[in-house]
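Structure, as structure tokens:
The values are calculated or read from the model by the stated rules, or taken from the named source; none is laboratory data. Since we're looking at a predicted model, the values are computed, not measured. Every residue, glycine as well, gets a Cβ built from its backbone with ideal geometry; the counts of neighbours run over all protein chains shown.
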Amino acid sequence: MVTVDNILKFEQYRHEFNTWKRTIDFFKQENAFLKNRLSKVVDVKSDKFFLAKAEQYQNQFIIQDEFMDELKHDIHVLDEIIGNVENQLLSTKKIETKRTKIHNEMQYLEKNFTSIKNDFNDYLLQNV
């Protein structure tokens with residue numbers, strides 16, 4: 001049976017999922033800016049060491065994009081699951097387990113992306 005508490009919990013899930021989607025969209029946009037900045041700097045600075053480091057950053061940006069795409073897909077799937085009342089009744093524990101996993105991945109994304117972005121900007125300031 002669907003209770004008022006369950007309805008409120010699933011509304012909170014939806015709010016959290018939407019927040020995560022907006023965060024990912026922001027990070028994807030920020031990642032695109034970083035890749036564009038890298039491209040502009042590589043056009044001007046072409047020493048061997050700098051290009052090797054630039055390639056490492058480019059790879060990190062690509063990995064971040066792929067991780068964000070996977071996360072956004074996982075959020076979408078979970079959002080669809082909670083949209084189905086039958087799923088809510090049958091697998092609340094499963095939903096909470098998946099939500100916790102995504103929550104932890106979002107925390108990792110936020111920390112890791114911010115670290116990469118700051119390292120990249122610091123590197124450019126020191127080497128351009």
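Values as computed for the structure displayed
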read-out	value
Where a residue in region 13-36 is modelled with pLDDT of 95 or more and its partner, wherever it lies, is assigned to a helix (DSSP H, G or I) and of a type in the set (S, T, N, Q), with Cβ under 6 Å and at least six apart	N31/Q64
Hits in region 11-53 (condition: of a type in the set (F, W, Y) and farther than 22 Å from E70 by Cα)	F49, F50
Candidates K40, K101, K93, K48, filtered to the one that is modelled with pLDDT under 90 and farther than 15 Å from I24 by Cβ	K93
Region 2-40: number of residues that are closer than 21 Å to R99 by Cα and aliphatic (A, V, I, L, M)	5
Tabulated pairs, region 106-118, first more than 14 Å from K72 (Cα to Cα), second assigned to a helix (DSSP H, G or I), C-beta under 6 angstrom, 6+ apart or interchain	F113/F27; F113/Q64; I116/Q60
Odd one out for V128, checked against (1) closer than 19 Å to Y13 by Cα; (2) loosely packed, with under 15 Cβ neighbours inside 10 Å; (3) in contact (Cβ under 8 Å) with a residue 60 or more places away in the chain	(1)
Residue, nearest to D74 (Cα to Cα), within region 119-128, restricted to residues that are modelled with pLDDT of 90 or more and polar (S, T, N, Q)	N121
Residue identified as among the charged types (D, E, K, R), without any contact (Cβ under 8 Å) to a residue 12 or more places away in the chain and either farther than 22 Å from Q107 by Cβ or in contact with a Gly (Cβ under 8 Å, 6 or more places away or on another chain) (or both) among E70, E55	E55
Checklist (1) surrounded by 11 or more Cβ atoms within 10 Å (Cβ to Cβ); (2) of a type in the set (A, V, I, L, M); (3) farther than 17 Å from N104 by Cα applied to L8, failing item	(1)
